[in-house]
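We did not get these values from a lab; they are worked out from the coordinates using the rules stated. Just so you know, these numbers come straight off a predicted model, no measurement behind them. Heads up, the Cβs are rebuilt from the backbone with ideal geometry, glycines too, and the neighbour counts pull from every protein chain shown.
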Amino acid sequence: PHIAQDDVIDEISMVKSMTSNFSEHTSANYFLHTGSGFQGRPSMGAWFGYGLGTENQNLPGFVVLNGGLIPPGGLDCFGSGFLPASYQGSVFLPQNEPVANIKPKEKSAELQKNKLSLLADLDRSSLEEMNFEPQVEAAIQNYETAYQMQTSVPELMDLTGESEVVKKSYGMDSDFKNTRTFGMQCLLARRLVQRGVRFIELTCPGGNGDRWDQHGGLV
């Protein structure tokens, strides 16, 4: 109702040349992330990791900073498809513990080390029995990365070393919660890049009745 008022229409351009083969959100998101409108193809982030490898053995090569809403299509938007599972996106949540079970449950570091040593022996034995099945090998690699993340992720999420000027420049002092959330995501993305993570995706913060875009609350 406000378009016709205050000369807003004079500032609007209509682009009619942009078309799509998909009529709904899910297929469009698959196409955006994988190049195919169908479920099950590797995502762009997975291809980056597969083709270029990783520069940091303590963090995943593909990280999704989930601001509160996963796009239609779900986690398959960040999947590895027919590539090994180790290349799929790892979802970090905007909270004190961004990854589930990131804190060790064992009472001592020695106890955890002994458990991991036993698991490594069992994994190697199982891998040989299964003729080095790629999916099993990828699962083992994911476990090893998860162990390294127990120290690297808390350090990544600790923003106490960032100045207030920097935080403000990212919008983290905003009165609007979604802006603060997205600002923190952008700051974390920068820190991930500095630590050698090749591919990072940010999702929309939740709230405001729907996604943080043009769906509502325009005025």
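Tabulated values for the structure
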quantity: Calculated from backbone phi, Karplus (6.51, -1.76, 1.60) coupling profile of region 90-106 in Hz, x at Gly/Pro; calculated: 9, 8, 9, 8, x, 8, 4, 10, x, 10, 4, 6, 6, 8, x, 8, 6
quantity: Phi to ³J(HN,Hα) by Karplus 6.51 cos²θ - 1.76 cosθ + 1.60 over region 60-68, Hz, x for Gly, Pro; calculated: x, x, 9, 10, 10, 8, 7, x, x
quantity: Within a Gaussian network of the chain (alpha carbon springs, distance under 10 Å), most fluctuating of S126, S23, S36; calculated: S23
quantity: Bridge type composition, the chain - antiparallel percent by DSSP, nearest 5; calculated: 10 percent
quantity: Residue-averaged 222 nm ellipticity for the chain, from DSSP H runs of 4+ at -39500 (n - 2.57), nearest 500; calculated: -13000 deg cm²/dmol
quantity: Most mobile listed residue (A85, A139, A189) in the chain, GNM with C-alpha springs under 10 Å; calculated: A139
quantity: Percent breakdown of C-alpha pair distances by 10 Å bin, ordered from the shortest bin, for the chain; calculated: 7, 25, 31, 23, 10, 3, 2, 0
quantity: Sites excluded, GluC sites (Glu not before Pro) in DSSP loops with at most 13 other C-beta within 10 Å, longest stretch of the chain; calculated: 107-219
quantity: Chymotrypsin sites (Phe, Trp or Tyr not before Pro) restricted to DSSP loop in region 71-145 with at most 14 other C-beta within 10 Å; calculated: F82, F132
quantity: Trypsin sites (Lys or Arg not before Pro) restricted to region 91-186 and DSSP loop, no more than 13 other C-beta within 10 Å; calculated: K105, K107
quantity: Relative contact order of the chain, defined on C-alpha pairs under 8 angstrom at six or more residues apart (%); calculated: 25 percent
quantity: Top of L59, L119, L188 by mean-square fluctuation, Gaussian network on the chain, Cα under 10 Å; calculated: L119
quantity: Chain lengthening between M18 and E144 when straightened (0.36 nm per residue, less Cα-Cα); calculated: 40.9 nm
quantity: Residues with amide H under 5 Å from that of G68, placed H, sequence gap 5 or more; calculated: G206
